[in-house]
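The values are calculated or read from the model by the stated rules, or taken from the named source; none is laboratory data. Keep in mind the model is a prediction, meaning the values are calculated, not measured. Please note: Cβ atoms are built from the backbone with ideal geometry, for glycine as well, and neighbour counts cover all protein chains shown. Heads up: the accessible areas ignore ligands, DNA and RNA and are worked out on the full protein's heavy atoms, side chains in. Shrake-Rupley method; radii C 1.70, N 1.55, O 1.52, S 1.80 Å.
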Amino acid sequence: MQLSESKAILFNKLFERDACIRCILRVFKITEISTYRETQQFIQLLFDVGKLIGNENKLVEEYDFLYYKRKREIIDSDVQPQTCHSSLKDQFIKNPFHTFDKINKCLICHGILQCLDDQKFISILVDEIQQKQYQFEAFKFQVKTPIGCQIRQLIIVNQCISEIGQIDPLYEYIRTPNFATDIKICVKWIMCSLLSEFLKVPSDPNDDRFQICLNFENIGDDVKQFEQFKQLISNIDDQIWEEKITKKLKMNDPQLKAETHNRLLQKKNQQNQPFLPTQNNLEKISKLNNNQISQYQIVNVNYPVKLEVTTSYQNIFIKGNYIKLARYISQTPWIIDGNKIYEDSIEDLVSAEACKIFKPSSVKFHSGGREDIDVRMLGNGRPFAIELVDPHQGLQNQTQEILDQIESKINSQNVVKVTPLAYTDTNIFGDLKNSETNKVKAYCCIVECKNIINEDLIEQANNIKDLVIKQKTPIRVLHRRTLMVRDKIIHSLLVKKINEKWLLVYVLSSAGTYIKEFIHSDLDRTVPNLCTLLQNECDIYQLDVIKLYEKINEDVIIDFKNLDKECGCKI
Amino acid sequence: MQQIEEQQQQQGQDQDDDLMIPLNVQARLGEFTDRYFVKSYSEHQYVFQHSNRLYLCGLNKNHPIVKSDSDIKEIEFTQKEQLVKGKKKKGGLKVKSNTVMLKVHLENGEVYEVLAGQDGYIIEMNENLQKNKQYLKQYPETKGFVCIIQGCRK
């Protein structure tokens, strides 16, 4: 760092005000990374500064490896998670991994930049990360810092410069907001190389797979610091509001204008909100001019900075088609009051093996539509995707062999079968949604009629094409669906007689049709229905989904009519 | 792929043998309303409760309208129609079990009042009764139901 006399004077002032050396280097916007890391250079720097201000050894004597021998007065904080404003509650760290509670810490960064080099700190950080047992080959490093640091920096710098009293182009640069290097960047410069040395993997900001995030939190101090500015900022805001309102009130009658003005003013003053530490408010403060800022004091609180370390791995998606061969299996676990109503679920059966191998924190199951519990899903299967959230063992297991292993394990149980499995990404959601709303489906059901069946009507039913039906929301789902009329299309029917009163009915319909209600008419709330087509009273005995088609065309109808031969019952 | 499909169909059929339909016995499985509803009857009317706790209300077989030889001339809806909105069915008409929902005029001049039968909010009145008045008489317990009611929240 090249020292001029004006720089040295400012350096000395900031040092006297208990800013740590790294923070001072940040204020001067030094961007050579080695300066932040070489701790031996600091002593030489302090010696050089001392020489320029005329007292060589003064600063060196007071220096104690980034910590200071002077202590400051501190007051207790009364900002606790239970009593603070509701929007801040989520930001408190409940189980901090580490707390920085040394009293003699930097005024600006509260000790964050001071003890990152500490061997003990690094070793417990590395232990914590390795304890979680992730597989990774590179990491991306993220940092969050408390927002109060920037306020304190603004106040200190302006106060020091005003105290010096000289006019210098350097001081004007330093005073502009956002001139200094950010704390987060400094933390990254120091930590990335240290962590990669200990974890033995490189740090790569472009590799999104594995992320380590350090979250420093100090809300008690932030709240106290921002509260000070409340009066001044609200005065400025009031002025702006006045100007806006007088432009908007366009009434000609002056008395009415005054009344409305008062009414709006009262309404605004009723909302007496505290001035919270947010990014928005920080920008308002940085627009204040330098004299205004210098008047404020820095609030020292005894609320230590807390640190939380979180690690996460990118989610893995696996897609496929599933077939359900048995009945009374729900799609996702059905739990009422802590009791499982049905033992098995498709989600459990499909994702059990994948969970054992990849060890995710949780699993999400997505599918393109669903079927009732007592309905089988046959044919080419329904598309689905499972999302493994935060898989610990994801790196080396993402291979085709593992997929084959999972597939054979699931299929061997003979209840639910999947094919074919493949890795995918978030684009799968568009495909699943598309499948739910657009695909044409073929069903097979066994129907019982009250009266003897009329064969001519069967002929007529087999010849219908694209019959539009109107379905009111079925009674069995009316408790959780909106009451409305849905138009659906029955593309084709194939009715075969089993005996005088029993039928085998194949239905080809658009997506989202309630087939059971089409057959038994749901107390005539679905019209037209099979009862009206066959002029009989029909009831459905069992239902299977046979095949899914992409969209309707002539080939699909021909294929549908041949389904009977493909999978005909033994009659 | 076709072979696998056929195999699966075979397997599916084998599993189905447990649920064999009674092909040789001309037995009646039961009405749709027997499957999901718990039925309770009062003197002239019924209230069927579905397993999802919605109520289906209407006339039972002992009601004079059903027993009478005379056909129905006109059905008058005595309450104002209120449409329900959304999944929670907000905006429905609040009724008590003795609120009069319909006034039925028979051909022979007799007039009968039909009560709601259950406390709660009306989700839907049976619109088919406007076009097919005789359903009320011919199929009182199925197609000729009067209304669907959502019970009050506890």
For chains A and B, what's the summed buried accessible area, probe 1.4 Å, to the nearest 100 square angstrom?
-> 4000 Å²
Which net charge results for the neighbourhood of residue A:524, defined as the other residues with beta-carbon distances under 12 angstrom from its beta-carbon, given Lys and Arg at +1 and Asp and Glu at -1?
-> +1
Toy charge model, Lys and Arg Cβ at +1, Asp and Glu Cβ at -1: region A:422-510 dipole around Cα centroid in debye, rounded to 20, equals 440 debye
Using θ = phi - 60° and the Karplus curve 6.51 cos²θ - 1.76 cosθ + 1.60, what whole-Hz ³J(HN,Hα) does each residue of region B:117-129 get, with Gly and Pro shown as x?
-> x, 7, 6, x, 10, 6, 8, 7, 9, 6, 6, 4, 5
From largest accessible area down, sort A:480, A:525; use a 1.4 Å probe on the protein chains.
-> A:480, A:525
Within a Cβ distance under 11 Å of residue A:186, other residues only, what is the Lys/Arg minus Asp/Glu net charge?
-> +4
Looking at chain A, what % of its DSSP beta bridges pair antiparallel, to the nearest 5?
-> 85 percent
List the residues of region B:138-153 whose accessible area drops by at least 30 Å² when all protein chains are present, compared with their chain alone, using a 1.4 Å probe and counting only protein heavy atoms.
-> B:143, B:145, B:148
Karplus (6.51, -1.76, 1.60) ³J(HN,Hα), θ = phi - 60°, over region A:140-156, in Hz, Gly and Pro reported as x | 10, 10, 10, 9, 10, 10, x, 7, x, 4, 5, 5, 4, 4, 4, 5, 4
Counting only heavy atoms of protein chains, what accessible area per residue, in Å², does the protein assembly as shown have with a probe of 1.4 Å?
-> 52 Å²
Counting only protein heavy atoms with a 1.4 Å probe and every protein chain in place, the carbon and sulfur fraction of the accessible surface of chain A in whole percent equals 47 percent
Where the Cα atoms of region A:126-278 are projected onto their three principal axes, how long is each span, largest first, in whole Å?
-> 77, 46, 28
Leaving ligands, DNA and RNA out of it, work out the accessible area of residue B:71 with a 1.4 Å probe and give it in Å² to the nearest 10.
-> 80 Å²
For the residue pair residue A:425 and residue B:119, what label-to-label distance in nm results when each label sits 7 Å from Cα along the Cα-to-beta-carbon direction?
-> 5.9 nm
Quick one: what are the phi-derived ³J(HN,Hα) couplings along region B:95-102, Karplus 6.51/-1.76/1.60 with θ = phi - 60°, whole Hz, x for glycine and proline?
-> 10, 9, 5, 9, 6, 7, 9, 10
Leaving ligands, DNA and RNA out of it, rank A:22, A:209, A:263, B:53 by accessible area with a 1.4 Å probe, largest first.
-> B:53, A:263, A:209, A:22
Which value in Å is the Kirkwood Rh of the protein assembly as shown over different Cα pairs?
-> 33.3 Å
Helix-derived [θ] at 222 nm for chain A: sum -39500 (n - 2.57) over DSSP H runs of at least 4, divide by residue count, nearest 500?
-> -11500 deg cm²/dmol
Just name one of A:462, A:261, B:130: the one whose Cα is farthest towards the positive end of the charge dipole of the protein assembly as shown (beta-carbon charges, Lys/Arg +1, Asp/Glu -1).
-> A:261
Can you figure out the FRET efficiency of residue B:52 with residue A:258, using R₀ = 60 Å and their beta-carbon distance, to the nearest 0.05?
-> 0.55
Excluding same-chain residues fewer than 8 positions from residue A:488, which aspartates and glutamates have a Cα within less than 13 Å of its Cα?
-> A:466, A:517
Delta accessible area of at least 20 Å² on complex formation, residues of region A:431-458, 1.4 Å probe, chain isolated as reference = A:448, A:450
The set of residues whose placed amide H lies less than 5 Å from the amide H of residue A:542, leaving out same-chain residues fewer than 5 positions away, is A:446
